[in-house]
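A.B. asks: I have a structure I would like to understand better, so I am pasting it below and will then ask my questions one at a time.
The values are calculated or read from the model by the stated rules, or taken from the named source; none is laboratory data. All values reported here derive from a predicted model rather than from experimental measurement. In this analysis, Cβ positions are derived from the backbone assuming ideal geometry, glycine residues included, and neighbour counts consider all displayed protein chains. Each accessible area value is taken on the protein alone, full model and side chains, heavy atoms only, with ligands, DNA and RNA left out. Shrake-Rupley method; radii C 1.70, N 1.55, O 1.52, S 1.80 Å.
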Amino acid sequence: MWRGTFLFLCFGLAIAIVGASPNAESLETLYKTALSGSRISDNVQEDARLDVPDLIRKYNYPIEVHNVTTEDGYILEIHRIPHGRDNNNDPNVRRPVVFLMHGLLCSSADWVLMGPGDGFAYLLAEAGFDVWMGNARGNYYSRRHVRLNPNAIFNTRFWEFSWDEIGNIDLPTMIDYALEITGRDRLHYVGHSQGTTSFFVMGSLRPEYNDKIISMHAFAPVAYMAHNRNPLLLVLAPFSNNLESLGALIGLGEFLPNSIILTWAGQSFCLDEVVFQPICSNILFLIGGWSESQQNTTMLPVKFGHTPAGVSVRQLAHYGQGIADKGFRRYDHGSRRANRRAYGTRRPPAYDLSKVTAPVFLHYVDKDPLAHVNDVDRLFRELGRPVGKFRVPLRTFSHLDFLWGIDAQELVYDRTINLIRSLETNGLDEEILTNTEQ
């Protein structure tokens, strides 16, 4: 019964949420065969197939690909846009560093797939920043290890991690690398969803890293999930302590791996003028909240071409534990003995948010199913140095709109860039330190 339920959930969502950019040659063959009469823009089809470095190159932005190995052997790929294309494009100028971190099931593609003029990474580069985009272990760009095989049959050791390891190991490794390459001592950090969760983990477990952060901007911040309204996570939450062990029984450690056929099918159904396109929009609304006014439907094939990018089952289970427990704790290994071995206590310890002393700005919305206002308020109260809490002034704005919303630049990005600029110029002056709440 447990196995059947788990497989049903995984298979059902895999059918609904499909796509990624690998297997480009096979995918292109399918496109040419099935979509030869389509009037969809060549740019949209191409952008859905290109990986992040080639997508950035296509639009004539500078791109660097860096690889760094963590202390436990995961090989992470980082993408860098060192300067702008049209403005602030002198490669010899030393610029402030901004590090961007994606959310669950996502990758560095989040920050560029909407294209120049809309993608946050491009806007930052044009505004004069040195932009670094991280990729967490297990996603499409960081699916490598010095010893372990992510594709091993009935061996899930590669996938034995949650966002605890991403915050405790991956983020410090990538931040140290970016600072070393740029010669900087500190940087600005922007995370979305899980990219905020992992930062709070880092600040709690590795408090020395707070000194390396000039400012942290949390888009749709997720720590406490007591009021979560995401249907998938609500279904999984009661079984969260069993998910990983059930998956291991059938050799399943990864959730939503890449699939050529599903990628093709999802992108075919999501094209403009295809009758099934509204279903594609509804899938995103089911995950991130209803926000029809912010949905650029023409870009759906690109969104599904890069998302999902793969996660471990344990990442989902860890969020489920937070929903069931209504706290913000380290991963529960399912037994007192296992927890004692990992943490020295029978129960996983809570993350001490008072140790997160980097200046934190929370950017939230009224109707986010994954980052409820009550949970955001609790997070703000418990952080060691909360500086600003900004509500997006549009009631229909939701979780995924921080990345892909039509008005994201006006409602979120411009304010964030202005805050970062002000901090670069004035530091944390009295005006900013008044714990701005809007």
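A.B. asks: On the full set of protein chains, 1.4 Å probe, figure out the accessible area of Asp414 and give it in Å² to the nearest 10.
C.D. replies: In the full protein context, Asp414 sits at about 60 Å².
A.B. asks: Here's another thing I want to ask about it. How much net charge surrounds Asn210 when only other residues with a Cβ under 9 Å from its Cβ are counted (Lys, Arg +1; Asp, Glu -1)?
C.D. replies: With Lys, Arg at +1 and Asp, Glu at -1, the net is +2.
A.B. asks: Just the number, please: Stokes-Einstein D of region 306-400 in µm²/s, Kirkwood Rh from C-alpha pairs, 20 °C, 1.002 mPa s.
C.D. replies: It comes out at roughly 138 µm²/s.
A.B. asks: Also, I was wondering about something else. Need one number: nm distance between label points at Arg341 and Arg85, each 7 Å from Cα along Cα→Cβ, rounded to one decimal.
C.D. replies: Reported label-point gap for Arg341 and Arg85 is 5.1 nm.
A.B. asks: Excluding Ile175 itself, calculate the net charge of residues whose Cβ lies under 12 Å from the Cβ of Ile175, where each Lys or Arg counts +1 and each Asp or Glu counts -1.
C.D. replies: Cβ neighbours under 12 Å give a net charge of -2.
A.B. asks: What nm distance separates the two modelled labels at Arg329 and Ala226, each placed 7 Å from Cα along Cα→Cβ?
C.D. replies: Here the modelled spin labels are 1.4 nm apart.
A.B. asks: Hey, with R₀ at 45 Å, roughly what FRET efficiency would Asn242 and Asp185 work out to, going by the Cβ-Cβ distance, to 0.05?
C.D. replies: Result of the calculation: an efficiency of 0.50.
A.B. asks: For region 300-438, give the magnitude of the charge dipole about the Cα centre (Cβ charges: +1 Lys/Arg, -1 Asp/Glu; no others), in debye to the nearest 20.
C.D. replies: 1260
A.B. asks: Once fully extended, how much extra length lies between Lys367 and Ala350, figured as 0.36 nm per residue of separation less the alpha-carbon to alpha-carbon distance?
C.D. replies: 3.5 nm
A.B. asks: With r as the distance between the Cβ atoms of Ser422 and Val65 and R0 = 30 Å, compute the FRET efficiency 1/(1 + (r/R0)^6) and round to 0.05.
C.D. replies: 0.40
A.B. asks: List residues of region 162-183, by number, whose backbone nitrogen lies under 17 Å from a label position 7 Å along Cα→C-beta of Ala152.
C.D. replies: Zone members listed by number: 162.
A.B. asks: Give me P(r) over region 177-237, computed from all C-alpha to C-alpha distances, binned every 5 Å, as integer percentages.
C.D. replies: Using 5 Å bins, I get a P(r) of 4, 16, 20, 22, 15, 8, 6, 5, 3, 0 for region 177-237.
A.B. asks: Decide, for region 33-191, between rounded, prolate and oblate: order the square roots of the alpha carbon gyration tensor eigenvalues as a ≥ b ≥ c, take rounded if a/c falls under 1.5, and otherwise choose prolate if a/b is larger than b/c, else oblate.
C.D. replies: Because a/c hits 1.5 or more and a/b fails to exceed b/c, region 33-191 counts as oblate.
A.B. asks: Given R₀ = 45 Å, FRET efficiency for Trp290-Asn92 by Cβ-Cβ distance, to 0.05?
C.D. replies: 0.45
A.B. asks: Compute the signed sum of charges (Lys and Arg +1, Asp and Glu -1) over the other residues within less than 14 Å, Cβ to Cβ, of Asp110.
C.D. replies: Value of the local net charge: -3.
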